[in-house]
Amino acid sequence: MSCIRSEIIGWGHYLPKKVLTNDDLSKMVDTNDEWISTRTGIKSRHISEGETTADMSIKAADAALKQAELTIKDIDVIIVGTLTPDNTTPATAAKIGGIMGVNPGTPTFDIAAACSGFVYALTMADNMIRLGQVKTALVIGAETLSKIVDWTDRNTCVLFGDGAGAVVLKAREGEGTSADTGILATKLYSDGTQYNNLYVSGGVSTTATAGFVVMNGKEVFKFAVGSLSEAAENVMNQCGVNAEQIDWLLPHQANIRIIEGVGHKLGLPDEKVIVTVDHHGNTSAASIPLALSESLEAGKIKKGDLVVLSAMGAGFTWGGVLVRI
Ligand code: ACO
């Protein structure tokens, strides 16, 4: 039966120029390349020098619009997944829309779902498109995590990086089968009882400060492998797709051991798993769109490929998206 699908018609990403290597970090805290590489798979990360989440988002969005051969005037909604907004309010999405010159009256909003922010934002945009509320959507995942990392805490400061990724979605007619192009299935979850295992220690109504990332690494690790696999399996099952039919697993880029654990759990060979954590670090809501855009740009992910996106983060939140490019 025919249906409306949200097709990814443009993508772009932006990484700040400054690269911080593990050796650089070893001069700042008691750590070393060997520890960071073996425990996390991270070798380097990009760090913003004055560029805000909106600044980086605009660069990623410009690239995505160019790729889509559209302008900001063609966009019916802007949704940004971020936990590091430029201001407490208004939404970074509104600021981005204002600077880019979106048509007055266009809805813009942020999603606060931490590392799952992009998957949540993509799901909201897909729902709006399938309901016929909008025809085109600009969906961004962007973070300036360097601002909320305690650079004296070796347990956390080695993990994170900055950057932004964006996609443009457009409504198109589909057949209602898994052969369609576009988003085929989405699924979101959360479990607020895990609040204390991963959080940022500040907040408007608590400390009136931004705070720093606090993490129970072992608990996050345990939960991440199961939840990332659960979300991926759910969206595959919704479409009756098995692991052999998947071209790429693109999980949230937190840690190579988590990524490999999910790939193995799903029965996917390492060659089918996208890894960018080595040179991006963990960029939270930016990690999936950054990896997606980089892989599409490099010709690694190709038109027609079936890709399963899977994210997990603070809340805990988690979710999956099955998409044919
Ligand atoms: N350099 C050197 N030593 C370190 C460092 C460091 N950067 N950080 C911690 N250590 C030390 C610890 O102090 C500890 O020393 P001790 O035994 O003398 O006390 C030792 O290394 C082992 O520490 P653990 O915390 O047990 O190390 P573990 O193997 O659990 O690895 C890690 C820690 C990498 C954080 C792991 O728990 C993990 O990957 N967790 C997942 C968390 C994650 O990826 N979070 C990202 C945000 S969440 C998200 O995006 C979903």
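Here, each number is a calculation from the coordinates, and none is a lab measurement. As the structure is a computational prediction, the values presented were derived from the model and not from experiment. Please note: Cβ atoms are built from the backbone with ideal geometry, for glycine as well, and neighbour counts cover all protein chains shown.
What is the dipole size for the stretch 3-174, taken about its Cα centre, with +1 at each Lys and Arg Cβ and -1 at each Asp and Glu Cβ, in debye to the nearest 20?
That gives the stretch 3-174 a dipole magnitude of about 420 debye.
Just how large is the dipole of the stretch 19-93 about the Cα centre, in debye to the nearest 20, putting +1 at every Lys and Arg Cβ and -1 at every Asp and Glu Cβ?
120
Please state the relative contact order of the stretch 1-130 as a whole percent: Cα pairs under 8 Å, 6+ residues apart? Mind dumping the intermediate values first?
Details: 175 pairs, mean separation 35.5, N = 130.
Relative contact order of the stretch 1-130: 27 percent.
When each pair of different Cα atoms in the chain is counted once in the 1/r mean, what is the Kirkwood radius in angstroms, to one decimal?
On the way: mean 1/r = 0.0517 Å⁻¹.
When all Cα pairs of the chain are included, the Kirkwood radius is 19.4 Å.
Place a +1 charge on the Cβ of each Lys and Arg in the chain and a -1 charge on the Cβ of each Asp and Glu, then give the dipole magnitude about the Cα centre in debye, rounded to the nearest 20.
The calculated dipole for the chain is roughly 280 debye.
Among L292, A171, A254, which residue has its Cα positioned farthest towards the positive end of the charge dipole of the chain, with +1 placed on the Cβ of Lys and Arg, -1 on the Cβ of Asp and Glu, and the dipole taken about the Cα centre?
Comparing the listed Cα positions along the dipole, A171 ranks first.
How do 235-246, 153-164, 288-299 rank on mean C-beta neighbours within 10 Å, highest first?
Those peptides, ordered most packed to least, come out 153-164, 288-299, 235-246.
Mind checking which aspartates and glutamates have their Cα closer than 14 Å to the Cα of K135? Skip sequence neighbours fewer than 8 apart in that chain.
Result set, ordered by chain and number: E7, D74, D76, D126, E173.
Just to check, using Stokes-Einstein with a Kirkwood Rh over alpha carbon pairs, what's the diffusion coefficient of the stretch 182-324 at 10 °C and 1.306 mPa s in µm²/s?
In µm²/s, the coefficient rounds to 102.
Remind me, relative contact order of the stretch 176-300 in percent, using alpha carbon pairs under 8 angstrom and six or more residues apart?
Value for the stretch 176-300: 20 percent.
Any idea what % of Cα-Cα pairs in the stretch 3-174 are farther than 20 Å? Walk me through the numbers before you get to the answer.
Working: 7791 of 14706 pairs.
Tail of P(r) above 20 Å: 53 percent of Cα pairs.
If you average the sequence gap of Cα pairs under 8 Å that are 6 or more apart and divide by the length of the chain, what percent do you get for the contact order? Let's see the in-between values first.
Values: 835 pairs, mean separation 83.1, N = 325.
Relative contact order of the chain: 26 percent.
If you wrap a convex hull around the alpha carbons of the stretch 81-189, what volume per residue comes out, as a whole number of Å³?
Spread over its residues, the Cα hull of the stretch 81-189 gives 133 Å³ apiece.
Only sites in a loop by DSSP and with at most 10 other Cβ atoms within 10 Å count here; which GluC sites (Glu not before Pro) in the stretch 42-145 make the cut?
Filter output for the stretch 42-145: E49, E69.
Which of I183, V308, L268 sits closest to the plus end of the dipole of the stretch 182-324, meaning its Cα is farthest towards the positive end, when Lys and Arg get +1 and Asp and Glu get -1 on the C-beta?
Ranked along the dipole, the leading option is I183.
Quick one: work out Rg over Rh on the C-alpha atoms of the stretch 277-325, Rh as Kirkwood radius. Walk me through the intermediate numbers first.
On the way: Rg = 11.8 Å, Rh = 11.8 Å.
Reported Rg/Rh, Kirkwood definition of Rh: 1.00.
Could you go through the stretch 166-180 in sequence order and give the Karplus-derived ³J(HN,Hα) for each residue, using 6.51 cos²θ - 1.76 cosθ + 1.60 with θ = phi - 60°, rounded to whole Hz, and x for Gly and Pro?
Listing the rounded values in order: 9, 9, 10, 9, 9, 5, 8, 6, x, 8, x, 10, 6, 7, 4 Hz.
Can you work out the base-10 log of I(q)/I(0) for the stretch 84-147 at q = 0.17 1/Å, using the Debye formula on its C-alpha atoms alone?
-0.63
Kindly provide log₁₀ I(q)/I(0) values, in the same order as q = 0.17 Å⁻¹, from the Debye equation applied to equal alpha-carbon scatterers of the stretch 260-301.
-0.50
Taking the mean number of other Cβ atoms within 10 Å as a proxy for protection, how do you rank 11-19, 194-202, 124-132 from highest to lowest?
Packing proxy ranking, top to bottom: 11-19, 124-132, 194-202.
Under the rule of at least 5 residues apart or a separate chain, name every residue whose amide H is placed under 5 Å from the amide H of F160.
N282
Rounded to whole Å and sorted largest first, list the principal axis extents of the Cα atoms in the stretch 1-81.
The Cα atoms of the stretch 1-81 stretch 56, 36, 19 Å along their principal axes.
In a shell of Cβ-Cβ distance under 13 Å around G165, excluding G165 itself, what net charge do Lys and Arg (+1) and Asp and Glu (-1) give?
Neighbourhood net charge equals -4.
Would you mind checking K66/K300; K222/K265; K59/K147; K59/K170; K218/K265 for any pair whose Cα atoms are more than 22 angstrom apart?
Long pairs (Cα-Cα over 22 Å): none in the table.
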